[in-house]
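Everything below concerns the one structure shown next.
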Amino acid sequence: MQFSVRASLEQFTLAHPSGEGQFRISVAAPAVGTPATELPVLYVVDGDVLFGMAAEIARAVSSVAGFPAHYVVGIGYDAAYADFLKLRTADLTPPIGAEALEELGALGTAIGGERGGGADDFLAFLIETLQPEIAARYPQTAGGARVLFGHSLGGLFTAHALLTRPDSFASFIIGSPSLWWDGFSILQKLPAFKERLAALSRQPRVFVDVGAREQDLPTSVPEGLGVTLEEAQAQIRAARMVDSAKEFADALHAAGVTELRHVAFAEDDHVSAAPAGILHGMRFALGRER
């Protein structure tokens, strides 16, 4: 294969499990010559904004033997940004209580919080529909490690996937997880997770990251989001992003996860932590500790 200055791209669509709409699936193949079988696959939720970044990181680091070549699969919607916010919330979040949704206020309205609750169906789609589809289209990935990456609400979803179906992926990269969703109710899944984990013959590798500046209070908010500065600051305080990520990693360790790493990227905020999480998370997922 000729070396390229940019990642490859193939796309196809799959029906949404709700029966309404469809997903746009984006796939990047390794940029250099690879073994014929058992290539790892990185599955990236929020593919509309994160797939390109993940694909280019994979191309760059694998081309210089930074770590093994792998496929990157992005799951997106190919929708306008305002619609994308609501579609992702519907798929990436567990159900939210009415009181917790009301506390989100304008933020909940902006991201379509009332449409949330589809995390279990979305996870089933990844496992039962998308993984077999990728294996059929790209047989060289058969038997390769499957890695799930999500950031923000995607990090919440990846945490949900780990806690409810820890055998569904070989590794979970949980980036800046929105554990605050529904009053941190996801933590109630930890006792059952401990039992599921103990029953596995092989444990998943788990990487939990956050930007160390994610609890810094903002001095402005993006136009058009419909959230005041005071509301944004209150949400940052309540979310406890840095503290809760560390506490979650500690809880996973206490539950029995042995292949675990937690990182707070010193100079990063909620946005800039995403590429760092992909790079260092994949290094850990593929067994390259440093």
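Here, each number is a calculation from the coordinates, and none is a lab measurement. Small disclaimer: the values here were computed from a predicted structure and weren't measured. Cβ coordinates were reconstructed from backbone atoms using ideal geometry, including for glycine residues, and neighbour counts include every protein chain displayed.
Details
- Residue by residue, the range 262-273 carries 3J(HN,Hα) couplings of 10, 9, 10, 6, 4, 9, 9, 10, 5, 7, 6, 6 Hz when phi is fed to the Karplus relation 6.51 cos²θ - 1.76 cosθ + 1.60 (θ = phi - 60°); x denotes Gly or Pro.
- Taken about its Cα centre, the range 10-285 carries a charge dipole of about 980 debye when Lys and Arg each add +1 at the Cβ and Asp and Glu each add -1 at the Cβ.
- Set of lysines with alpha-carbon distance to Lys246 below 25 Å, sequence-local pairs under 8 removed: Lys189, Lys194
- Per-residue HN-Hα couplings for the range 177-189 [Karplus 6.51, -1.76, 1.60; θ = phi - 60°; Hz; x = Gly/Pro]: x, 7, 5, 5, 3, 6, x, 6, 5, 4, 5, 5, 7
- For trypsin sites (Lys or Arg not before Pro), the sites in the range 170-226 that DSSP calls loop and that have at most 10 other Cβ atoms within 10 Å are Arg202.
- Mean separation of Cα contacts under 8 Å (6+ apart) over length of the chain, as relative contact order %: 16
- Loop-located GluC sites (Glu not before Pro) in the range 1-110 whose Cβ has at most 13 other Cβ within 10 Å (DSSP): Glu20, Glu38
- Relative contact order [Cα under 8 Å, 6+ residues apart], the range 49-128, whole percent: 26
- Correct choice for Rg/Rh (Cα atoms, Kirkwood Rh) that was computed from the model, options [x] 0.95; [y] 0.97; [z] 1.00: [x]
- Qualifying GluC sites (Glu not before Pro) in the range 214-272, DSSP loop, other Cβ atoms within 10 Å at most 13: Glu223, Glu267
- Look at Phe248, Phe149 and count the other Cβ atoms within 10 Å of each Cβ; fewest to most, that gives Phe248, Phe149.
- For Arg24, nonlocal amide neighbours, meaning residues 5 or more places apart or on other chains whose placed amide H falls under 5 Å from its own, are Gly76, Tyr77, Asp78.
- Amide H contacts of Tyr43: Val73, Val147, Leu148, Phe149, each under 5 Å away and 5 or more positions distant or on a separate chain (H built 1.01 Å from N in the peptide plane; Pro and chain starts excluded).
- Label point at Ala135 placed 7 Å out along Cα→Cβ; residues across the range 159-179 whose backbone nitrogen lies under 17 Å: 166-171
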